[in-house]
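Participant: What follows is a single structure, and I will ask about it in a moment.
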Amino acid sequence: ERLLTATLGLSAEAGEFGDLVKKCIFQGKELNEENKLHMKKELGDIMWYVAQACISLNSDIEEIIEINMAKLKSRYDKGSFDKDKSNIRKGDDI
């Protein structure tokens, strides 16, 4: 139940955050302090759902970051983004 809540919550909150960014970039909404605060509040909601997902997976944010860093180091061995490596991955690179 917690994992499902985290999954649906992340999707919804990421959409809300993305909508705010979209409005600033494409619809002329000002990127002022009020709108930045709104974005920060949406990021806070996202972080809460990330925490719920971590709890449901018996993990914590530090472990998730370590796993992600190892994945990216393996993918981009020179330490920077590479368009070709991002599109053509090894079989076990998800």
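Participant: Considering only region 44-54, state which residues are farther than 17 Å from residue 65 by Cα and surrounded by 16 or more Cβ atoms within 10 Å (Cβ to Cβ).
Facilitator: 45 - this is the single residue of region 44-54 that is farther than 17 Å from residue 65 by Cα and surrounded by 16 or more Cβ atoms within 10 Å (Cβ to Cβ).
Participant: Give the residue, chosen from 31, 37, 8, that is in a loop (DSSP other than H, G, I, E, B), open to solvent by 80 Å² or more (accessible area, probe 1.4 Å) and either closer than 17 Å to residue 64 by Cβ or of a type in the set (A, V, I, L, M) (or both).
Facilitator: Residue meeting the stated conditions: 31.
Participant: Of the residues 65, 46, which is touching an Asp or Glu at 6+ places or on another chain (Cβ under 7 Å) and either modelled with pLDDT of 95 or more or part of a helix (DSSP H, G or I) (or both)?
Facilitator: Only one candidate passes the filter, namely 46.
Participant: Which residues, taken from region 55-74, are exposed (fewer than 10 other Cβ atoms within 10 Å of the Cβ) and either touching a Lys or Arg at 6+ places or on another chain (Cβ under 6 Å) or at negative phi (or both)?
Facilitator: The one that is exposed (fewer than 10 other Cβ atoms within 10 Å of the Cβ) and either touching a Lys or Arg at 6+ places or on another chain (Cβ under 6 Å) or at negative phi (or both): 62.
Participant: For residues in region 75-92 being open to solvent by less than 70 Å² (accessible area, probe 1.4 Å) and closer than 30 Å to residue 4 by Cα, which is modelled with the highest pLDDT?
Facilitator: Residue satisfying both the conditions and the ranking: 75.
The values are calculated or read from the model by the stated rules, or taken from the named source; none is laboratory data. The model shown is predicted, which means the values in this text are computed figures rather than measured ones. Here the Cβ is made from the backbone with ideal geometry for all residues, glycine too, and neighbour counts use every protein chain on show. To get the accessible areas, we keep the full protein, side chains included, count just its heavy atoms, and leave off ligands, DNA and RNA. Shrake-Rupley method; radii C 1.70, N 1.55, O 1.52, S 1.80 Å.
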